[in-house]
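This report concerns only the one structure given below.
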Amino acid sequence: MARNQGNQMRMLATQLSAALTLLGGTGAALAQDVENGRRLSARWCSECHAIEPVQGKGGRTISFAAIAGRQDITSDMITSFLLMPHATMPNPPLSRKDARDIAAYMMEMKK
């Protein structure tokens, strides 16, 4: 059982690594605009997520601050996640720059 979980974790890590490579997640080559990330988050994310650093009970799912607070999360991971289709969230029409801006906004909460 533990062996199967280990294999699944390795597979997930490999898939994430491949996604980061394919999506160019090698660092922030372009400057991110945190304020634009805030605006985009308010437009596309706030219906389900608490998007402000300090916010009362709100949102129907994990807050941006909780995501940013995870030690293993990086801006590249958030950017890649936002650009990949996923069944649990709507897929807003984000450009790579938009996704980087949202990730930068979220990562500001880590500080």
Exercise. Would you please name the residue that is farthest from the chain's Cα centre (by Cα), looking only at residues in the stretch 34-56 that are surrounded by 20 or more Cβ atoms within 10 Å (Cβ to Cβ) and assigned to a loop (DSSP other than H, G, I, E, B)?
Key: A50
Quiz item: Does A50 qualify as being farther than 14 Å from V34 by Cβ and touching a Phe, Trp or Tyr at 6+ places or on another chain (Cβ under 9 Å)?
Solution: yes
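Every number in this text was worked out from the coordinates using simple rules, so none of it is lab data. This is a predicted model, so every value here is computed, not measured. Reconstructed Cβ throughout: ideal geometry from the backbone, glycine too, with neighbour counts over all protein chains shown.
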